[in-house]
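These notes concern the structure reproduced below.
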Amino acid sequence: MYLLLARHGETDYNIQGRLQGQLPNPLNSTGERQVEEQAKELAKIPFDVIISSDLERSLQGARTHADLVGLGVTVDPQWRERNFGRHEGKLVTEIRSDQQDYNALVKHFYECNCPEGESLHQFQDRILDAIRQTHSQYNGKRVVVHTHGGVIMAAINILLGERLELTNAHPHKNGYVSYFHLKRRSDILAEADELADELVIADKLVNVPGREIASRLGKQH
């Protein structure tokens, strides 16, 4: 399976340094331009399936992409952002940090114990299930998932067999994409503690603009 993870465009909360989590925030004008550019590059790749988180900021990018290529969008809530509970909507400086930037948000993502939210372990299990189910359903296909920064960071850790912790963080820009060509070790996915034990990564690109993915896949296929 060719799995491409596309982060949504910029929102006002991204600029302000607020935790969005599962709040239904739309893209701002910059974010709309980012997903238009992203969609133009992704349209150069013949995907079989377009999947999206059910949150509006990801759906905007998925619909923009789908409209260009004539595919429908499969909405899957498993690919939504982590639930930060009572921390959602807050500035990171209101919670724990003296810095108001993306690095502080990444740190909070890995280290917070968010009241009434998902634990990092619960979130990891959800994203692991999403990857497994997507691979099982679309093995051999080209799949793009329009999703969120935290989801992509967790998915990268899972696919690379890394612990979900700050030292292994792979920050991901708005409107950028990550790509994995996944091959399974056996005809049937085995039960394993680590997805890295089940799948071989034949090729990958992490946190790059869409044009780099289009160029890579165009040259290979």
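Odds and ends about this structure:
- R0 of 41 Å, Cβ-Cβ distance Ile15-Leu160: FRET efficiency to nearest 0.05: 0.90
- For q = 0.09, 0.15, 0.17 Å⁻¹, Debye-computed log10 I/I(0) when each Cα of the range 2-220 counts as one equal scatterer: -0.33, -0.94, -1.21
- Extension gain, Val200 back to Asp48 (0.36 nm per residue minus Cα-Cα distance, nm): 52.6 nm
- Count of Lys pairs (Cα-Cα under 29 Å; at least 8 positions apart or interchain) in the range 2-220: 24
- Across the chain, C-alpha contacts under 8 Å between residues 6 or more apart give a mean separation that, scaled by the residue count, equals a relative contact order of 29 percent.
- Mean ellipticity per residue at 222 nm, deg cm²/dmol - from DSSP H runs of n ≥ 4 across the chain, formula -39500 (n - 2.57): -12000 deg cm²/dmol
- DSSP-defined antiparallel bridges as percent of all bridges, the chain, nearest 5: 50
- Difference of contour (0.36 nm per residue) and Cα-Cα distance, Asn139 to Glu36: 34.3 nm
- Additional length obtainable on full extension of the chain from Thr93 to Leu71, 0.36 nm per residue less Cα span: 3.8 nm
- FRET efficiency, Ser119 to Glu56 (Cβ-Cβ, R0 22 Å, nearest 0.05): 0.30
Here, each number is a calculation from the coordinates, and none is a lab measurement. From a predicted model like this one, the values you see are computed outputs, not experimental measurements. A quick note on method: Cβ atoms are made from the backbone with ideal geometry, for glycine too, and the neighbour counts reach across all protein chains shown.
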